[in-house]
Amino acid sequence: MKETIKISDKFTLKKMILFSLPCIGMQLVDNTYQVVDGYFISNFLGEEVFAAENMIFPPLALLMSLGLVVGAGGSAIIAALLGEGKDEEARQTLSMLSIFLLIFGTIVSAVAFVFMAQIAKIVGATDDLVPYCAAYGRILAAFMPAEMMNYAFQEYLVTADEGRLGLIVSVVNAVTNIILDFLFVGILGFGLTGAAVATGIAWCVSLVVAVRYFVDKKHNLHLTSFKIHVNYIGQALGNGSSEMVDAVSYAVVAIIFNKRLITLLATRGVSAYAVTEYVTGIFYAVFMGFGIAMIPVFGYRFGEKNYDELTRLRNEGIKLSLIWGSIMLAISMVFSPLISQIFVGYDTVLADMSTYALRVCGAAFLLSGVNMFSSSFFTGISDGLSSAIIAFTRSFFMPIILVYLLPYLFGKDSIWYTALVAEIITIVIVVILNKTRYRKDISV
């Protein structure tokens, strides 16, 4: 049995890869539920229901990202406490943040359940799509607290040096979702409701296993009694602000994109965009998993004040991100036609549009990994401001501007270049922050 890699270890390039693989796997698996739902909904229920599912999911993802925010921001604090030798305080912080997330997440989910139809209208759903959006969204809202806790616990498992357990949990989640989608939608014909219930049950499976780990007091990092430290809650939310920016960006940009695509390229544009989002989500999961896995490592080194090692880890991470980005670019160029056929092969025009969109968007992968990794790096050293600036630029501010500017200057098809141009601008900001904010902070 191989020795477990710990966040306190000295990380070689190989060890960085091995350490991040479980977290990458978790992120990949976590991205499968919408892809699987999308496949079954598109091929069994048709383009209209497919469009409804993709219109209501962005606001749901925004709400669920609260778990990612608390998890990412909290893991940096917990790892830093462990690095300082304050294990008991780390356990209390884990417990406090978990209870906070459960209570606040339940309130958010209840409000979303009640107002789901109104949310559907806000994101642009037409009258005939609102019932589909509400049916799918309300079921997921009921299960949403479980997925919020999953997001947080998966990151805490990495901090506890149990990334492999998190991967196993996520695989069980994905397999459960696939089987239930096939059963509920493909065989029993439960339609959109069946797809949503399958996803919700899969979320609950993951949560049960994660909770069982953290209630076991034999583990160093476990749930325990705690005193409320409001400053840690605020710091966790601040550290995880870049993850919130990413989530807000995803939701708002997706909504704006859908509205612009309907205007420029009709409903087929919305469907093509959904296909690109599935592929982008899977590829970005690799970058996100790598970055999230390294956050507690950065936090531990930051707690030790080992700045030379921090700099080395940052540089190695950038190299890996460039390599993975190049591989993803090649995959998107070669396999775009096949991917389009899988999701929308029933419509030749739509499949051709999706193929073109995938290839153009694929060019952004070369830079997106570096930008996402840099955002995670600043989260790990508790510089939430720099992390948020990177995330805000690449996934919110620039895309919203470019989605209007590019078609105006270069024609409607240039809308697909939005992500690439946004990543190019962001990489410039990353270079500036690494030469100013990072150097300034470590000299204190």
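Quick notes on this structure:
- Residues of the range 154-171 that are of a type in the set (A, V, I, L, M) and part of a helix (DSSP H, G or I): LEU157, VAL158, LEU165, LEU167, ILE168, VAL169, VAL171.
- Enumeration of residues in the range 416-437 that are in a helix (DSSP H, G or I), out of contact with any Cys (no Cβ under 8 Å at 6 or more places or on another chain), open to solvent by 10 Å² or more (accessible area, probe 1.4 Å) and not aromatic (Phe, Trp, Tyr): VAL421, ILE424, ILE425, ILE427, VAL428, ILE429, VAL431, ILE432, LEU433, ASN434, LYS435, ARG437
- Within the option set VAL245, VAL185, being at pLDDT 85 or above and assigned to a helix (DSSP H, G or I) holds for one residue only, VAL185.
Yes/no per residue for (1) without any contact (Cβ under 8 Å) to a residue 60 or more places away in the chain; (2) closer than 23 Å to PHE290 by Cβ; (3) open to solvent by 10 Å² or more (accessible area, probe 1.4 Å):
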| residue | (1), (2), (3) |
| --- | --- |
| VAL349 | no, no, yes |
| PHE377 | no, yes, no |
| ILE389 | yes, yes, yes |
| LEU406 | yes, no, yes |
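- Against the conditions (1) in a helix (DSSP H, G or I); (2) more than 18 Å from ALA72 (Cα to Cα); (3) open to solvent by 50 Å² or more (accessible area, probe 1.4 Å); (4) at pLDDT below 90, THR126 satisfies every one except (1).
- Within the range 225-241, considering residues that are touching a Leu at 6+ places or on another chain (Cβ under 9 Å) and either farther than 30 Å from GLY281 by Cβ or of a type in the set (Gly, Ala, Ser) (or both), the one modelled with the lowest pLDDT: SER241
- Residue check for MET55: assigned to a helix (DSSP H, G or I) and touching an Asp or Glu at 6+ places or on another chain (Cβ under 6 Å): no
- Among (1) open to solvent by 10 Å² or more (accessible area, probe 1.4 Å); (2) at pLDDT below 80 - the single one PHE50 does not satisfy: (1)
- Test: VAL270 is surrounded by 24 or more Cβ atoms within 10 Å (Cβ to Cβ) and within 16 Å of PHE50 (Cβ to Cβ): no
- Counting only residues that are open to solvent by less than 60 Å² (accessible area, probe 1.4 Å) and either touching a Cys at 6+ places or on another chain (Cβ under 9 Å) or of a type outside the set (Phe, Trp, Tyr) (or both), the range 183-200 holds 12 of them.
- Annotation: of all residues in the range 204-220 being in a loop (DSSP other than H, G, I, E, B) and not polar (S, T, N, Q), the one that is surrounded by the most Cβ atoms within 10 Å (Cβ to Cβ) is HIS219.
- Residue selected from the range 58-102 under the condition free of Cβ contacts under 8 Å to residues at least 60 places away in the same chain and within 21 Å of PHE113 (Cβ to Cβ), by the criterion surrounded by the most Cβ atoms within 10 Å (Cβ to Cβ): LEU101
- Scanning the range 103-121 for residues that are in contact (Cβ under 8 Å) with a residue 60 or more places away in the chain and either touching a Pro at 6+ places or on another chain (Cβ under 8 Å) or aromatic (Phe, Trp, Tyr) (or both) yields a count of 1.
- Residue pairs meeting the criteria (Cβ under 6 Å; at least 6 apart or on separate chains; first closer than 14 Å to VAL270 by Cα, in the range 41-52; second part of a loop (DSSP other than H, G, I, E, B) and at pLDDT 75 or above): ALA52/LEU129
- Residue list for the range 332-347, filter: in contact (Cβ under 8 Å) with a residue 12 or more places away in the chain and surrounded by fewer than 19 Cβ atoms within 10 Å (Cβ to Cβ): MET333, PRO337, ILE342, TYR346, ASP347
- Screening VAL297 on (1) within 17 Å of the chain's Cα centre (by Cα); (2) at pLDDT 80 or above; (3) open to solvent by less than 20 Å² (accessible area, probe 1.4 Å) shows it passes everything except condition (1).
- Meets criteria (of a type outside the set (Ser, Thr, Tyr) and in contact with an Asp or Glu (Cβ under 7 Å, 6 or more places away or on another chain)) for ALA198: yes
- Members of the range 10-47 found to be open to solvent by 20 Å² or more (accessible area, probe 1.4 Å), modelled with pLDDT of 75 or more and part of a loop (DSSP other than H, G, I, E, B), listed by number: LYS10, THR12
The values are calculated or read from the model by the stated rules, or taken from the named source; none is laboratory data. All values derive from a computational prediction rather than experimental measurement. Cβ atoms come from the backbone with ideal geometry, glycine included; neighbour counts cover every protein chain shown. Areas reflect the complete protein model, heavy atoms only, side chains present, ligands, DNA and RNA absent. Shrake-Rupley method; radii C 1.70, N 1.55, O 1.52, S 1.80 Å.
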